[in-house]
Every structure is written in structure tokens, then in C-alpha cells.
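K.L.:
What follows is a structure written as C-alpha cells; I'll ask about it next.
Derivation of every value follows stated rules applied to the coordinates shown; laboratory data play no part. Keep in mind that this is a model prediction, so the values were computed, not measured. Glycine gets a Cβ as well: all are built from the backbone with ideal geometry, and neighbour counts include every protein chain shown.
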Amino acid sequence: MDRATKDQEIAELNEKFSQAKAAFLVDFKGMNVEQVTTLRKKLFTLKSEMRVVRNTLAKRALQNHPEQSKALSESLVGTNAVIFTFGDAAASAKQLTEFAKEVEALDVKAGVMDGQALDRDTIKYLATLPPMEVLRAQLLGTFAAPMQKFVSTLAAPATNFVCLLKAYETKQAGN
């Protein structure tokens with residue numbers, strides 16, 4: 001690899017680190033081509049990208065991102081790939097942990113999200129979170145609950161009065 005190619009690779013990695021919402025470092029040694037391709041396809045649907053990186057180039061690209069560098073530099077040993085997540089980080093973490101259960105050769109080493117380092121356990125916990133759409137729906141339901149309660153409280157006297165009239169009508173029809 002010549003100098004110009006290395007500089008271009010570093011620039012591309014630098015751009016991806018700056019755009020990504022989260023990045024996960026995985027060791028894929030022992031996976032065959034079919035398994036890597038399957039993982040890439042699954043991640044692509046989640047707006048994530050798997051990129052095989054040379055450790056030295058990744059470390060040079062991380063120099064412009066100190067928080068991410070702190071989180072990932074120690075783990076840049078061996079055969080690595082970086083999963084750049086541009087969408088929902090929890091969904092990508094879930095996909096990685098599920099795939100790692102199926103393919104034991106995949107080892108999720110570390111990650112970074114919003115400048116915070118993520119270890120294996122934190123990534124597994126992140127994978128248990130519901131998808132972003134579900135969290136938004138739950139939040140919207142929480143916001144809507146007081147308004148629904150208020151409307152039902154306002155409607156209760158009228159509803160009770162109608163029920164009282166219906167009961168009176170039924171009683172009069174019976175006599």
C-alpha cells in the first residue's frame with residue numbers, strides 16, 4: 001500500500017468516525033467470507049457499515065477524535081473490523097450480539113457512543129434496549145396519558161348522567 005492510498009484510507013476512516021453515532025470494534029478472525037458477507041448485509045439494513053481496518057491506519061485516523069481514540073485504541077490488536085453505526089446504535093449492538101451467538105468466531109471487543117467508551121457488558125446491555133421507534137412510542141404515550149385522563153375526567157359527569165337516564169328509562173318501561 002503506497003503513501004497516497006494510506007492517506008486516502010485514513011481520510012475515509014476519519015470521516016466515518018466523525019459521522020458515526022457509534023462505533024464498535026470486532027475481531028472477526030476465524031469467520032469465513034460467507035459469514036462476513038451475511039453480517040455486512042444485516043448491518044447495512046440498520047444503516048451500519050462494517051469496515052476491515054489496519055490497526056495502524058485506524059489509530060492514525062482516531063488521532064482527530066480523542067474520545068473515540070481513548071475508547072478503541074487499546075483494543076486495536078489483531079484482526080479487527082470497525083462497525084460504524086449511522087442509525088440506531090442499540091439495533092446495531094443487538095445485531096452484533098445475536099450474530100456473535102450464532103458465529104462464535106465473532107468477538108465484540110469494545111465500542112464508543114457519544115464519546116463514551118463501551119465495554120463488552122455495556123454493549124450487551126445496549127443490545128437489550130428496545131428499538132428507537134418503540135422508545136419514541138413509549139415517550140409519546142407518557143406525554144399523552146395526562147391529556148387522556150383529563151378528557152375522560154371531563155366526560156365522566158355527562159357519561160354518568162346518560163347512564164342514569166338509561167336506568168330510569170328501563171325502570172319506567174318495566175312498570
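K.L.:
Sorted by average packing, counted as other Cβ atoms within 10 angstrom per residue and highest first, what order do 116-129, 156-169, 84-97 take?
P.N.:
Result, highest mean first: 84-97, 116-129, 156-169.
K.L.:
Using helices alone, what [θ] at 222 nm do you get for the chain, with -39,500 (n - 2.57) per DSSP H run of 4 or more residues, divided over all residues and rounded to the nearest 500?
P.N.:
When only DSSP H runs of four or more count, the value is -21000 deg cm²/dmol.
K.L.:
Also: Pairs of alpha-carbon atoms within less than 8 angstrom and 6+ residues apart define the contacts here; what relative contact order does the chain have, in percent?
P.N.:
Relative contact order for the chain comes out at 26 percent.
K.L.:
Sort 29-38, 6-15 by packing, meaning the average of other beta carbons within 10 Å per residue, with the highest value first.
P.N.:
6-15, 29-38
K.L.:
In this model, which of Lys94/Lys149; Lys41/Lys124; Lys21/Lys41; Lys47/Lys124; Lys42/Lys149 are farther than 31 Å apart at the alpha-carbon?
P.N.:
As for pairs spanning more than 31 Å Cα to Cα, those are Lys94/Lys149; Lys42/Lys149.
K.L.:
OK, next. To make sure I understand the rule: partners must be aspartates and glutamates, Cα under 18 Å from the Cα of Lys16, and not fewer than 8 residues away in the same chain. Which ones qualify?
P.N.:
Partners found: Asp7, Glu49, Glu67, Asp88, Asp114.
K.L.:
Based on the Cα coordinates of the stretch 131-175, what is the per residue volume of their convex hull in Å³?
P.N.:
66
K.L.:
Then there is this: So which aspartates and glutamates can Lys6 reach, going by Cα to Cα under 13 Å and dropping same-chain residues fewer than 8 places off?
P.N.:
Straight-distance partners of Lys6: none at all.
K.L.:
Here is a follow-up. Using the basic label-point model (7 angstrom from Cα toward the beta carbon), what is the Thr122 to Lys171 distance in nanometres?
P.N.:
6.8
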